[in-house]
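Inspection log for the structure reproduced underneath, given as structure tokens.
The values are calculated or read from the model by the stated rules, or taken from the named source; none is laboratory data. Values in this document were obtained by computation on a predicted structure and should not be read as measured data. Heads up: the accessible areas ignore ligands, DNA and RNA and are worked out on the full protein's heavy atoms, side chains in. Shrake-Rupley method; radii C 1.70, N 1.55, O 1.52, S 1.80 Å.
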Amino acid sequence: MYDPAPITLLDDSRVKPAVTDSDKKCSAIYAKYRALMAAHPKYITETNMGKSTASDTFTAVDMLRFDFKEPDGLTDEYYNSAKVHETKPKIIFMSGVHREWFGVWGLYYALEEIATNPEFDDVRRNAHIIVIPCANPYGLDVVVANSEFETASHVNANGVAIHNNFGVNHRTGGSPGEYNYGGTAPYSELETQYIDAVMAENPDAVAFVSCHNNDESTMFGAPVIWASSATHHMCNVAFRLIDKLTKAWIEKYGQTLKDSIDQYKINMDAEDYRLGRAMLSSSYGTEQLNATKYGIQGVNLEISRRMKVFSGSTDGTSEVMTHGAEVYANFMRTLLWSYDHKDKKEYAPNLPWSE
């Protein structure tokens, strides 16, 4: 299928800052969302879904939701100047189910582009984006020694891995605190309940996207982008994004990028410079799999926390965050352009074309 969606790369005036240790708190990312909301009050709204799970050593954190949606702007002057309602395709985004801060900040910076960059007006004007920035406040706020991927970064204050606590193919077995412990029952955790409620309230969403980050040295080749999809359609959307974004990056950075990619390619064709992989795969009890219960397309979309082909081996550099923003913002556009709206159209009553 031909995909006409354009790719926008960020110019030097829109480069994103590196993520520092002080940025790795729910309060820090919430502050950025609220500042963006203050600058765009008609576009962005906030909802407090409730408190996260607490423990003797961890104080509950608010679970916030932000909606990015332009108000209905068309006026029907013939009928008393009433606003004409328009239903926009919904996309649900979530980040922070694990302590993967570069996925959290990459999503924020993408949304910052959607809100402020005229190059992304097509996304801003034509989508209702629902965002849960901190899906697991305990996993995000508790400082984990040695590694972003230690066990504690995956569980909440009850020792349950939110990523495996959903009801579709719920993960059983294990003990509290273990890496993939899915809890005693599906939806046993507050965090999971809030996320599931957002899906249940928006079954007309065209997609659910969970944002993560990974270290490409542990993956096949050099996947700056890694998509693990619960549905064929989302796998195809991710592949289109990877294909087009790779070409755009190579066109911009040229032979230098090609030479860098060659260092990380494994068992790939000599001319295949595709910087990512899209797979039809979903673990037990995951959020993207849970979305399918409501008829919503689901995918985990990961950026590299280092992007070695661009910036070496340092986590969360300015280059990492800039390219991460390009991944998530262009994914939104690719998704919208590939979505078939024919079954979602709303027709005025009693008109010939409303059949």
**Study point:** Heavy-atom surface of segment 153-235, accessible at 1.4 Å and reported per residue (Å²)
**Key:** 32 Å²
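How large is the direction-averaged shadow of the alpha-carbon convex hull of segment 98-204, in nm²? It would help to have the intermediate numbers written out before the result.
On the way: hull surface 31.9 nm².
Mean projected area for segment 98-204: 8.0 nm², to one decimal.
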Check your understanding: At a 1.4 Å probe, what is the % contribution of carbon and sulfur to the accessible area of segment 221-262?
Key -> 53 percent
